[in-house]
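The values are calculated or read from the model by the stated rules, or taken from the named source; none is laboratory data. The shown structure was predicted, so the numbers you read here are calculated from the model rather than taken from an experiment. No Cβ is skipped: glycine too gets one built from the backbone with ideal geometry, and neighbour counts run over all protein chains shown.
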Amino acid sequence: MSDASDFVSDALRAHIALQARYRCGYCLRSQELLGMPLTIDHIIPQAAGGKTVEENLWLACHRCNGFKGTQTHAADLATGTRIGLFNPRRQNWNEHFEWNQTGTEILGKTACGRATVIALKLNNPEIVVARRLWVAAGWWPPQD
Ligand SMILES: [Zn+2]
């Protein structure tokens with residue numbers, strides 16, 4: 001399934017990592033907390049025709065990337081609409097999401113945010129447990 005057009009050069013990967021500030025565009029987990037390199041996310045998945053070009057690439061953690069899969073849209077239960085998933089390159093995280101009071105769960109503030117929280121399982125049980133530890137250590141939630 002891969003050919004030359006799928007290739008992400010080391011230079012492009014480094015450029016995108018800098019733009020994304022070495023953190024997942026969806027759950028904001030940093031490479032430091034993850035302890036391994038983040039993956040390159042095709043914002044519009046290749047299966048949906050997304051190209052391997054800078055404007056379609058961002059960083060994502062393995063979990064968010066895996067849960068996202070080939071999805072481009074998801075349902076917002078509050079409004080019953082299907083809406084495009086959050087685009088970490090074009091959209092501002094803080095406009096669409098916020099942390100709950102304990103800093104362990106991501107809440108959607110908009111239809112796009114709510115749909116993305118569910119589609120990417122941004123509050124899966126394992127990550128909520130990890131966030132609890134990070135909060136206790138004073139490492140979480142991110143302040144920007
Ligand atoms: Zn993530």
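So here's what we get for this one:
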| item | result |
| --- | --- |
| Test: residue in the stretch 105-126 that is polar (S, T, N, Q) and in contact with a His (Cβ under 9 Å, 6 or more places away or on another chain) | yes |
| So Thr72, is it away from the ligand (no atom under 16 Å from the Cβ), surrounded by 15 or more Cβ atoms within 10 Å (Cβ to Cβ), at pLDDT 95 or above and hydroxyl-bearing (Ser, Thr, Tyr) | yes |
| Selection from the stretch 32-56 of residues that are within 15 Å of the ligand (Cβ to nearest atom) and either basic (Lys, Arg) or at pLDDT 95 or above (or both) | Leu38, Thr39, Ile40, Asp41, His42, Ile43 |
| Among (1) outside any loop (DSSP other than H, G, I, E, B); (2) closer than 27 Å to Ala136 by Cβ; (3) away from the ligand (no atom under 15 Å from the Cβ); (4) not hydroxyl-bearing (Ser, Thr, Tyr), the one test that Gly103 misses | (1) |
| Of all residues making up the stretch 106-124, the number that are part of a helix (DSSP H, G or I) and either within 15 Å of the ligand (Cβ to nearest atom) or of a type in the set (A, V, I, L, M, F, W, C) (or both) | 8 |
| Members of the stretch 13-39 that are farther than 17 Å from Trp93 by Cα, touching a helix residue (DSSP H, G or I) at 6+ places or on another chain (Cβ under 6 Å) and not polar (S, T, N, Q) | Leu38 |
| Candidates Arg63, Arg132, filtered to the one that is within 18 Å of Glu32 (Cα to Cα) and over 17 Å from the mean Cα position of the chain (by Cα) | Arg132 |
| Condition check for Arg90: part of a strand (DSSP E or B), surrounded by fewer than 15 Cβ atoms within 10 Å (Cβ to Cβ) and of a type in the set (Lys, Arg) | no |
| Exclusive hit being under 27 Å from Val135 (Cβ atoms), hydroxyl-bearing (Ser, Thr, Tyr) and free of Cβ contacts under 8 Å to residues at least 40 places away in the same chain, set Thr110, Thr70 | Thr110 |
